[in-house]
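The values are calculated or read from the model by the stated rules, or taken from the named source; none is laboratory data. These numbers come from a predicted model, not from an experiment. Every residue, glycine as well, gets a Cβ built from its backbone with ideal geometry; the counts of neighbours run over all protein chains shown.
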Amino acid sequence: MVVTMQDVARRAGVALSTVSATLTTSRPVSAATRARVEAAMVELGYRRNALARGLATRRSHVLALTHPVGPAGLSRTSAEFLLSAAAVAQERGYQLVLWPFAADDADGVLEVARQGLADGVLVMEVHRDDVRVRRLREAGVPVALIGRTDAPDDAALPSVDVDFDATLVEAVEHLVALGHHRIAFVNHAQHRLADGHGPTVRAAAAFERTAALHDLVSTQVFADESVAGGRTATARLLDGPGPAPTAVVTMNEDATFGVVAELAARRVDVPGAVSVLAVVSSPAVTGQTVPPLTTLHAPGARLGRAGVDALLALIETGSAPLPALERCRFVDCGSTAAPPVGTGRHPQTP
């Protein structure tokens, strides 16, 4: 049975307008009367209508998360961010909705934002110069980032992000400690680098710096975000003119499956002949390969929660916490080991 405001009024012994005033604070209600109304609501299991609350407070109590969603849908790792953000928003009395606009579709994002359908916008897949962020900020829409831009004007915006520098350093140094000197990195697609996609750019730079610091024989390839892209990238690494790598770091969820598939097709043993380490991924993803991959687990749950908290602080207080970086967590699933002694090309298992 649906409980109405009239039911609450009858149970509390007050006028319907008094129940409305208690809910909307449109006029003063005595403490004793408020207590009777609230007790009646609890007894009857009355749930306040969200639309009515929004009209009274001029707030929708909805947060939007804008994330480009391609033909393959959300990755498992991106879903961790989204599900965590949705859960904490609900804990705070808000609902989270997904706006799947492309990263360059600032007009689409802004048009919906101006309709007042959300109290603020959380932006993911942030670019170094992100037109969505710039347009939302100029329009006065509260905005927080899971990611970072390089724009000085965005420095005051609330933001949380993966510490890509620390993640790539940890990945490379783990392999160096095992004795690897020839290490490759499979990054996101080339167009993402050209577009200024923050994770692609920052991870690329961190890998190159760390490889140079350790005087490695290193190769970085940019793979299409698909199984086929990962297989093509791996073939380039194995068939190139120089010595093939003894270890591969991947930061491209779909391509990672292709890396493992190509190694299996060539009967290259992991980790006996080649170590494979996935970064900014999830054990739920890398556990689907054979063998399961050692992973630097993306802090999706922590970042989703922190992003919503930062956006709500901005909406409710007008101020925001300082930007924060979260490190990935090392999960050893056994796909990295010392390189084979004296290996030039990869020995194939019989």
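Would you mention how many residues in the range 7-39 are in a loop (DSSP other than H, G, I, E, B) and loosely packed, with under 14 Cβ neighbours inside 10 Å?
Taking the range 7-39 and keeping what is in a loop (DSSP other than H, G, I, E, B), we get 13-15, 25-30.
Narrowing the set further to residues that are loosely packed, with under 14 Cβ neighbours inside 10 Å leaves 13, 15, 25-28, 30.
Residues meeting the conditions: 7.
Residue check: is ARG128 free of Cβ contacts under 8 Å to residues at least 60 places away in the same chain and closer than 24 Å to ALA64 by Cα? It would help to see each step written out before you state the result.
Working: free of Cβ contacts under 8 Å to residues at least 60 places away in the same chain: no; closer than 24 Å to ALA64 by Cα: yes.
No; evaluated as a whole, the condition is false for this residue.
Which of the residues spanning the range 202-219 are over 19 Å from THR77 (Cα atoms), of a type outside the set (Ser, Thr, Tyr) and in contact with a helix residue (DSSP H, G or I) (Cβ under 6 Å, 6 or more places away or on another chain)?
Restricting attention to the range 202-219, the residues satisfying the condition of being over 19 Å from THR77 (Cα atoms) are 204-219.
Within this subset, residues satisfying the condition of being of a type outside the set (Ser, Thr, Tyr) are 204-209, 211-217.
Across the range 202-219, the qualifying residues are ALA206, PHE207, HIS214.
Does VAL112 fit the bill of being part of a loop (DSSP other than H, G, I, E, B), modelled with pLDDT under 90 and assigned by TED's automatic domain parsing to the domain that holds ARG305?
Values: part of a loop (DSSP other than H, G, I, E, B): no; modelled with pLDDT under 90: yes; assigned by TED's automatic domain parsing to the domain that holds ARG305: yes.
So VAL112 does not fit the description; no.
Give the residues of the range 309-332 that are surrounded by 18 or more Cβ atoms within 10 Å (Cβ to Cβ), in contact with a Ser or Thr (Cβ under 9 Å, 6 or more places away or on another chain) and not aliphatic (A, V, I, L, M), sorted by residue number.
CYS328
Mind listing whichever residues of the range 182-212 are basic (Lys, Arg) and modelled with pLDDT of 95 or more? Outline the logic, then answer.
Within the range 182-212, the first condition is being basic (Lys, Arg), and the residues that meet it are 182, 192, 202, 209.
Listed by number, the residues that qualify are ARG182, ARG202, ARG209.
Conditions (1) surrounded by fewer than 17 Cβ atoms within 10 Å (Cβ to Cβ); (2) at pLDDT below 95; (3) at positive phi, marked per residue:
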| residue | (1), (2), (3) |
| --- | --- |
| GLY242 | yes, yes, no |
| VAL268 | no, no, no |
| SER275 | no, no, no |
| THR295 | no, no, no |
| GLY307 | no, yes, no |
| HIS346 | no, yes, no |
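So that you can scan it fast, the table gives a plain yes or no per residue for (1) within 20 Å of the chain's Cα centre (by Cα); (2) of a type in the set (Ser, Thr, Tyr); (3) farther than 23 Å from VAL88 by Cα:
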site: VAL259; (1), (2), (3): no, no, yes
site: ALA264; (1), (2), (3): no, no, yes
site: ALA273; (1), (2), (3): no, no, yes
site: PRO283; (1), (2), (3): yes, no, no
site: LEU296; (1), (2), (3): yes, no, yes
site: GLY300; (1), (2), (3): yes, no, no
site: LEU312; (1), (2), (3): yes, no, no
site: PRO321; (1), (2), (3): yes, no, no
site: LEU325; (1), (2), (3): yes, no, no
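If a residue must be aliphatic (A, V, I, L, M) and crowded, with 21+ Cβ neighbours inside 10 Å, how many such residues does the range 222-235 contain?
Looking only at that region, the number is 2.
For the condition in the same structural domain as ALA118 (by TED's automatic domain parsing), surrounded by 12 or more Cβ atoms within 10 Å (Cβ to Cβ) and at pLDDT 80 or above, what is the one hit in LEU74, LEU98, LEU44? Outline the logic, then answer.
On the way: LEU74 fails: at pLDDT 80 or above; LEU44 fails: in the same structural domain as ALA118 (by TED's automatic domain parsing).
The conditions single out LEU98.
So which residues in the range 151-188 are more than 18 Å from the chain's Cα centre (by Cα) and assigned to a loop (DSSP other than H, G, I, E, B)? Before you say what the answer is, go through the steps one by one.
Applying the first criterion (more than 18 Å from the chain's Cα centre (by Cα)) to the range 151-188 yields 151-156, 169-186.
Residues satisfying the conditions are ALA151, ALA155, ALA156, GLY179, HIS180, HIS181.
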